[in-house]
Each structure stands twice: as structure tokens, then as C-alpha cells.
Amino acid sequence: MIERKYIDTDYGKISYLYREGKYPLIMLHGLGGLSNNWIKLFSRLDSDFMLIAPDMLGHGKSSRPNLNYTIDLQSSMIHDLTQKLGIVDPIIIGNSYGGWVALNYSLNYGHMRCMVLVDSAGIRHENFLDKNIEDFLKRLDKLEPGNDLGIMRNILNNYSKCTLTLNDLKKIDVKTLIIWGDNDRSISPEIAHVLNENIDGSKLFIIKNGGHVPQINRPDEVSKILNENLKNC
């Protein structure tokens, strides 16, 4: 059974989708996205997984405080969320911006059973941020209406201040799975190989005909990878 829940954190109220289970799996959506971006996986992932998909700070039904929206802020909120839910050593899966938050979390807190990066942002590359931010915001508003564009602009303006280096990646000490759509037009699949080569012991899975959000357009393939690999973390 999927429930919509709310919890008070140090940064405001956080809304999240929840399904009971044994192994806590926290699912972080991309920029301008929602917890619902993971909904196709809820019926496909093994029932042993406890699924927690928050609307990140400034998104969806969660609070939208007047703060500087850095990656450190989001990972700190996720840490506070896990503490208040009583979760120790969660599995964290992040898509795009959410993957960036997961990477930051692994470096700042480290208490994770496993990390999964799905078409992750976080290291410098040519993408929409090399183009006009205002044009991107207009496209985002059409694709994901309801976002606070001021918050989205704040996140984008912080991009270059928060990107990770290859040396940062080499410091990651958690079992990592990397999942990437081979048809990702936002973040090149070449970045998947950079992550794989620099995160020690990571495993790379390329999804044929997968886009930037493969949990939406290729949920069966993503679920199969997670079901077959995460319980051994």
C-alpha cells in the first residue's frame, strides 16, 4: 500500500510517498521533479524494500523556505529526514539532481548501505546549464508546471559552486550502482563511464533506449537491476 505522508524537519515540512518494507530505500527525484517520478517502481520493486520517495525541499508538496538552495542544503535535509524517521544506513537512489544530492550525502555523511546513481548530475559537463537558464526554466515550466521558478533559478545559479571533482569521486567509500539511459540527451552517457572509472568498485548498467529518467520510460529494466543487486549491499 502506498501512502502520502508528511514529517517536520529542521528545514520545514517534507512530503513523501511511503511503502512498508524491511530495507529502507530513499528515492530522490530530479530538478523540478516530484516523488511521483518514482511511482512506476513502487509496484515493481520487491516487497522487502521500504520505499520512501520525498518531494525535495522547494519541490512538490514540501516546504519552500526562503533559503539558498545548495546541494549541501538538500543533503542535510535528507540526513535530517532519515534521523527523524529512525533510519540507519539507508540505500539512497537519486536521478539527475537527486543523484547529485546522493553523491554529496555520501561524502558528507557516509552512512549508507548502498548508493544508486541514475543519469546523475554533479560533475561538470555540457548540458542545459551551458545554455540560457531562462530558456530552460520556460521548458521546465511546461514539462513540470507548479514549480517555484525562483527556487529553480536559485538551484541553477548555484550549479557551478557545487560540482564535484574527480578527486571527490575517488573519496566515495560506499557500494555504488550506476544506471544510465543510452539515449539521455540531457547528460551524456559518457558521464556514466567517468563516474564508473572514478568511484572504486562501482558497477555500471546501460539501459537500451533509456532516456534521462529511465525509471519512467524503462521501469522494468531499472527495477530488475535494483531487485537483483541491492539486497547484497
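Each value in this text was obtained by applying a stated rule to the coordinates, not by laboratory testing. Just so it is clear, the structure is predicted and the values come from calculations on it, not from any experiment. Don't worry about glycine lacking a Cβ; one is built from the backbone with ideal geometry, like all the others, and counts go over all protein chains shown.
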Which of the lysines could be linked to Lys161 by a straight reach, that is with a Cα gap under 24 Å, when you skip same-chain ones fewer than 8 residues away? Lys131, Lys138, Lys170, Lys171
With +1 on each Lys and Arg Cβ and -1 on each Asp and Glu Cβ, how big is the dipole of segment 40-103 about its Cα centre, in debye rounded to the nearest 20? 280
Going residue by residue through segment 180-188, the Karplus relation 6.51 cos²θ - 1.76 cosθ + 1.60 with θ = phi - 60° gives ³J(HN,Hα) values, rounded to whole Hz and with x marking Gly or Pro, of 9, x, 6, 10, 6, 9, 9, 10, 4
Apply the Karplus curve 6.51 cos²θ - 1.76 cosθ + 1.60, θ = phi - 60°, to the phi angles in segment 12-29 and return the couplings in whole Hz, x for Gly and Pro. x, 7, 10, 9, 8, 8, 9, 9, 4, x, 8, 9, x, 10, 9, 10, 10, 7
Amide hydrogen neighbours beyond the local backbone of Val116, cut-off 5 Å, H modeled: Ile92, Ile93, Gly94, Leu177
Just the number: Rg to Rh for segment 168-225, Cα atoms, Kirkwood Rh, two decimals. 0.99
Which is the longest stretch in the chain that no exposed loop site breaks, taking sites as trypsin sites (Lys or Arg not before Pro) with a DSSP loop state and at most 12 other Cβ atoms within 10 Å? 23-130
Return the sequence-ordered ³J(HN,Hα) values of segment 205-211 in whole Hz as given by the Karplus equation 6.51 cos²θ - 1.76 cosθ + 1.60 applied to θ = phi - 60°, using x for Gly and Pro. 10, 9, 9, 5, 6, x, x
Can you show me the helix-derived [θ] at 222 nm for the chain, built from DSSP H runs with n ≥ 4 at -39,500 (n - 2.57) apiece and divided by the number of residues, rounded to the nearest 500. -10000 deg cm²/dmol
Find the cysteines in the chain that fail to meet the 4.7 Å Cβ criterion with every other cysteine, and list them. Cys162
If amide H atoms are built 1.01 Å from N in the plane of the peptide, which residues on other chains or at least 5 residues away come under 5 Å of the amide H of Phe49? Lys22, Tyr23
Place a +1 charge on the Cβ of each Lys and Arg in the chain and a -1 charge on the Cβ of each Asp and Glu, then give the dipole magnitude about the Cα centre in debye, rounded to the nearest 20. 320
Of Lys5/Lys84; Lys203/Lys231; Lys5/Lys224; Lys84/Lys175, which pairs sit farther than 18 Å apart, going by alpha carbon to alpha carbon? Lys5/Lys224; Lys84/Lys175
Return the distance in nm (one decimal) between the two label points of a simple spin-label model at Lys203 and Asp220, each offset 7 Å from Cα along Cα→Cβ. 2.1
